[in-house]
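Working notes for the structure below.
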Amino acid sequence: ARLGVGANLAALGRGHTVRHDGWGGDCVPAEGSIHGVIHAEDRRLREVLASVALAAELPDAVIESIAAGRPIDDAVGVITEHLRAGQRTIVVLVDAVDRAEEPERLIRDVLQPLLAGGRVRLLVGGRGKWDLSGLPRRLIDLDGRFADPEAVRTWVATRLRTPSAGAPSPWGGA
């Protein structure tokens, strides 16, 4: 949930809807500092790659070709080259890596090569113990000293009470 709140603050530009007092200035990401947010649970490799391509602002036709079956290594190369040509580096949050359709392949065939290309920075999340060997990393236990159950409850309640796409929330009066 902590990554979700961070993503909300940084990528979605909704800092005003999320309680983050007590986090400290260095823990609150700047608005727009995360270019893509991917919840990898039950997602295929090419779905994750297509989401990275979207964050990298590749043309729609390229994103569609990745989602439709472009080879994984080719897709990684296209994303990296696009970012290199534009001299851009993007930050992508990939949560629930451990619950992706193929977590080991996601790490080995997608995340490691993206990092090796030097134009993608990753914030990776998952539950429990899982193998991140090969990924350069700095591990932070967000369930430890950073845990803030009240902030998570406030965030979830706000999200549930907020209408979506013009439809009223069934929890609006809760």
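Just so it is clear, none of the values below were taken in a lab; they were calculated from the coordinates. Note that the coordinates shown come from a computational prediction; the quantities given were computed from them, not determined experimentally. Positions of Cβ are backbone-derived with ideal geometry, glycine not excepted, and every protein chain shown enters the neighbour counts.
Taking 8 Å as the Cα distance limit and 6 or more residues as the minimum spacing, I'd like the relative contact order of the range 45-102 as a percentage. Provide the component values of the computation, followed by the final result.
Numbers: 35 pairs, mean separation 23.5, N = 58.
Relative contact order here is 40 percent.
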Completion exercise
Full extension between Glu64 and Glu150 adds, at 0.36 nm per residue less the Cα distance, a length in nm of 26.9 nm
Fill in the blank from the handout: Stretched fully, the stretch from Arg159 through Glu41 gains (0.36 nm per residue minus C-alpha distance, one decimal, in nm) 40.5 nm
Practice task
Can you tell me which of 108-121, 61-74 comes out highest on packing, and rank the rest after it, using the mean Cβ neighbours within 10 Å?
Solution key: 108-121, 61-74
